[in-house]
Ligand code: SF4
């Protein structure tokens with residue numbers, strides 16, 4: 001049996017069917033920008049702490065390593081990627097400045113382990129292990145996602161697993177466990193997890209392993225979770241909602257003389273027509289932008305704000321938009337002046353975005369849902385069949 005990891009155990013518990021797609025059938029998921037980003041920053045920190053002895057690498061070397069090993073998969077577009085790249089540089093620079101003063105090479109940077117829990121092979125990687133003067137160790141795991149509080153550090157079984165692995169394999173007692181939230185440079189540290197937590201994790205590992213060996217892979221659907229699942233078109237719960245590419249390929253003859261393929265054929269033809277028109281519209285938009293740029297350049301050179309062709313006229317104007325850096329302060333000023341309600345309409349895009357956020361606390365979501373009605377508008381997304 002392949003070793004279990006913290007993430008594979010979590011995935012099995014979240015949805016056994018999804019575990020099967022990923023780890024047994026080995027079907028790839030779409031690249032996710034947050035994994036690429038996290039990995040790029042982790043790799044740079046591994047380089048920083050990877051020296052066997054002083055001196056520490058310079059900031060330029062750390063940033064150079066970051067740039068060289070940047071992972072660009074999964075970003076929406078080049079603009080989003082550039083923003084994340086800069087954010088990573090900011091994080092690494094601040095981290096370096098905060099910690100270079102007390103830099104000491106750790107006992108391990110990226111400590112990979114494999115051990116057995118009641119006969120079940122378990123594997124993982126600890127970001128950093130520091131050896132302390134009391135001959136104990138401090139375990140540090142970096143996080144680049146959303147902020148969290150101390151209760152997560154006290155409870156998270158990833159840290160319990162690291163504690164178990166390090167104590168067993170290194171023969172050293174754990175003194176502290178830390179999740180280090182990199183974007184805010186906040187290290188949240190707790191004392192070692194309890195024997196009860198260790199016992200519970202051991203039981204979970206054995207239970208998950210047994211269920212996997214019994215080939216228990218039932219889907220565990222849950223609305224928000226499934227909406228993010230790349231395997232949805234293959235999942236037994238949702239498969240019937242998705243026409244396959246084969247059905248679309250001119251609804252090719254499948255040996256069934258009596259099957260009615262006419263609707264599939266119509267649908268396939270309409271899908272292609274829709275995609276083609278969208279492509280043409282994009283080309284036209286690009287041409288409009290190009291001609292618009294040339295006109296604006298000439299208007300500027302001439303000092304005109306209006307010009308005529310034979311059949312059309314154009315006039316130049318400026319659309320203005322304010323960009324506020326400290327949004328909290330702006331909201332406070334508006335709140336004090338009694339204008340807060342005007343800007344914070346419930347239809348504001350930020351609230352819509354919040355409602356889609358899987359990290360929204362369930363109680364808050366429930367309260368907001370009670371206050372509103374979900375209005376659905378049909379949306380038709382379109383891309384080439386061979387695009388990611
Ligand atoms: S769509 Fe939902 S139920 Fe199906 S595999 Fe994904 S998470 Fe599991």
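No value in this document is a laboratory result; all are computed from the given coordinates. This one's a predicted model, so the numbers in the text were calculated from it and none came from an experiment. For neighbour counting, all protein chains shown are included, and Cβ atoms are generated from backbone atoms with ideal geometry for every residue, glycine included.
Grab the beta carbon distance between residue 73 and residue 172, set R0 = 30 Å, and tell me the FRET efficiency rounded to 0.05.
Here the calculated transfer efficiency is 0.25.
When DSSP beta bridges are limited to those with both residues in the chain, what percentage is antiparallel, rounded to the nearest 5?
Counting only bridges with both partners in the chain, antiparallel ones make up about 70 percent.
Return 228, 322, 70 ranked ascending by Cβ neighbour count within 10 Å, so the fewest neighbours appear first.
Listed from fewest to most nearby Cβ atoms, that is 322, 228, 70.
Taking 8 Å as the Cα distance limit and 6 or more residues as the minimum spacing, I'd like the relative contact order of the range 286-388 as a percentage.
8
Work out, step by step, the length gained on full extension between residue 114 and residue 267: first 0.36 nm times the residue separation, then minus their alpha carbon distance; give nm to one decimal.
This chain segment gains 50.0 nm when fully extended.
With the cut-off at 28 Å, report for the chain the share of all Cα pairs above it, as a whole percent.
66
Nearest 10 degrees is fine. How inclined is helix 157-170 to the longest principal axis of the chain, computing both from alpha carbons?
40
Exposure proxy check: 93, 199, 43, 160 ranked by fewest other beta carbons within 10 Å?
Listing 93, 199, 43, 160 from fewest to most nearby Cβ atoms yields 199, 93, 43, 160.
Expressed in nm to one decimal, what extension gain is obtained for the pair residue 312 and residue 336 from 0.36 nm per residue of sequence separation less their Cα-Cα distance?
My answer for the length gained is 3.8 nm.
Working out 0.36 nm times the residue gap between residue 245 and residue 328, then minus their Cα-Cα distance, what length gain in nm do you get to one decimal?
My answer for the length gained is 25.1 nm.
Relative contact order, percent, of the range 6-213 when contacts are C-alpha pairs under 8 Å separated by at least 6 residues?
That works out to 17 percent.
Normalise the Cα radius of gyration of the range 6-213 by 2.2 N^0.38 Å (N = residues in it) and let me know the number.
1.08
Using alpha-carbon pairs under 8 Å, 6+ residues apart, how would you state the relative contact order of the chain in percent?
Result for the chain is 13 percent.
Quick one: compute a quarter of the convex hull surface over the Cα atoms of the range 288-388 and quote it in nm².
The Cα convex hull of the range 288-388, projected and averaged over all directions, gives 13.7 nm².
Using the C-alpha gyration tensor of the range 138-254, what are the square roots of 5 times its eigenvalues, in whole angstrom, with the largest one first?
Output for the range 138-254: semi-axes of 41, 20, 12 Å.
Output the Cα-based Rg and Dmax of the range 60-150 in Å, rounding Rg to one decimal and Dmax to a whole number.
Every Cα atom of the range 60-150 included, Rg and Dmax give 16.9, 49 Å.
Where does helix 362-371 land angle-wise versus the long Cα axis of the chain, in degrees 0 to 90, nearest 10?
30
Quick check: pseudo-label points 7 Å beyond the Cα along Cα→Cβ at residue 224 and residue 374, how many nm apart are they?
1.2
Taking the Cα atoms only, what angle lies between the long axis of helix 78-99 and the longest principal axis of the chain, rounded to 10 degrees?
Once rounded, the angle reads 30 degrees.
Which value in deg cm²/dmol, rounded to the nearest 500, describes the helix-derived mean residue ellipticity at 222 nm for the chain, given -39,500 (n - 2.57) per DSSP H run of n ≥ 4 and division by the residue count?
Calculated mean residue ellipticity at 222 nm is -14500 deg cm²/dmol.
Test of understanding: ordering 100, 191 by Cβ neighbours within 10 Å, fewest first, what list do you get?
Fewest-to-most ranking of 100, 191: 191, 100.
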